[in-house]
1. For segment 183-196: of the residues being surrounded by fewer than 12 Cβ atoms within 10 Å (Cβ to Cβ) and of a type outside the set (Ser, Thr, Tyr), which is modelled with the highest pLDDT?
2. Counting residues that are without any contact (Cβ under 8 Å) to a residue 40 or more places away in the chain and within 30 Å of PRO170 (Cα to Cα), which strands (runs of 3 or more DSSP E) fully inside segment 1-111 reach at least 3?
3. Taking LEU57 as the residue in question, decide whether it is of a type in the set (A, V, I, L, M, F, W, C), more than 24 Å from LEU163 (Cα to Cα) and crowded, with 19+ Cβ neighbours inside 10 Å.
4. Search segment 213-229 for residues being outside any strand (DSSP E or B), of a type outside the set (A, V, I, L, M, F, W, C) and more than 10 Å from LEU134 (Cβ to Cβ), and hand back the single one that is nearest to the chain's Cα centre (by Cα).
5. Which condition from (1) modelled with pLDDT of 85 or more; (2) under 30 Å from ARG195 (Cα atoms); (3) surrounded by 18 or more Cβ atoms within 10 Å (Cβ to Cβ) is the one that TYR103 breaks?
6. For segment 60-90, what are the residues that are over 22 Å from the mean Cα position of the chain (by Cα) and either crowded, with 17+ Cβ neighbours inside 10 Å or among the aliphatic types (A, V, I, L, M) (or both)?
7. When both residues are 6+ apart or on different chains and their Cβ atoms are under 6 Å apart, which pairs have a first residue that lies in segment 133-162 and is over 14 Å from LYS201 (Cα atoms), and a second that is of a type in the set (Lys, Arg)?
Amino acid sequence: MPSRSLKILLLEDNHDLREGWLAFFQRQGHYVRGAALADEILDESGDFSPDIYVIDLNLPDANGLDVVKRLRSVQPNVGIIITTARTHIGDKVEGYDSGADIYFTKPVDPVELMAGINSLAKRRSIVVGDEDDLHLQLDTHQLRGPTSAVDLTPSETLILSGLARAAGQPLARWQIAELLGVGEELPSDSMLEMRIVRLRKRLIAVGAQAPGIRAMHKRGYVLCCRVILE
């Protein structure tokens, strides 16, 4: 078992390739999920918060670059690796411009891919937690900390998981609105602040240092403690 176990979500429509890579990652001691369609990403990640996404660009239901852009916009600090048969330099530049951390051209040896994942995890400081971390159980909406545990509402779970995935980067109001599934209809400032205030109280109640969530002028909100998503 490795010193750090990562959560890896693989978006690859080739069944044999996907299953082969998933089995290889599991043998390395990592937690994995696989998806064949871009639409499955949200379903698969609903109770599974990936540290690293591995994304094929040639998908039957979407342009992989659009998937990369979307993930990068709502999860600024997640690791994203592209694997594709597209070999032109222009394609690579577009991949990096879209938000990818690493661009691999197929065929990719699993050992090389794993090396890229490990390198990316180190660069992005993806580490196992310690006793002061908070833990959010996504399926039961329970938040646990060093002093107690509390139950969150589904919307509070969505906001907190989004802030946790941002890993120290602020989430704008429109990003939080997207997490809540309200599309282009942004919540009012007072409504959003009310939700944040309630969530702050819950974070502090389980042992987080105040303020728990900090408002950043014209930039949104940033999480001030580490929350492990489970």
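1. Of everything passing the filter in segment 183-196, MET191 is modelled with the highest pLDDT.
2. Working: elements: 7-11, 31-35, 52-56, 79-84, 102-105.
In segment 1-111, the matching strands (runs of 3 or more DSSP E) lie at 31-35, 79-84, 102-105.
3. Numbers: of a type in the set (A, V, I, L, M, F, W, C): yes; more than 24 Å from LEU163 (Cα to Cα): yes; crowded, with 19+ Cβ neighbours inside 10 Å: yes.
Considered against the rule, which asks whether it is of a type in the set (A, V, I, L, M, F, W, C), more than 24 Å from LEU163 (Cα to Cα) and crowded, with 19+ Cβ neighbours inside 10 Å, LEU57 comes out as yes.
4. My answer is ARG219.
5. Only one criterion is unmet by TYR103, namely (2).
6. Across segment 60-90, the qualifying residues are ALA85, ARG86, ILE89.
7. As it stands, the answer is ASP133/ARG226; HIS135/ARG144, since those pairs meet every condition given.
This table checks each residue for (1) modelled with pLDDT under 85; (2) surrounded by fewer than 19 Cβ atoms within 10 Å (Cβ to Cβ).
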| site | (1), (2) |
| --- | --- |
| THR153 | no, yes |
| GLU156 | no, no |
| ILE176 | yes, no |
| LEU203 | no, no |
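The values are calculated or read from the model by the stated rules, or taken from the named source; none is laboratory data. A quick note: this is a predicted structure, and the numbers were derived from the prediction, not measured. Cβ: placed from backbone, ideal geometry, glycine included. Neighbour counts: every protein chain shown.
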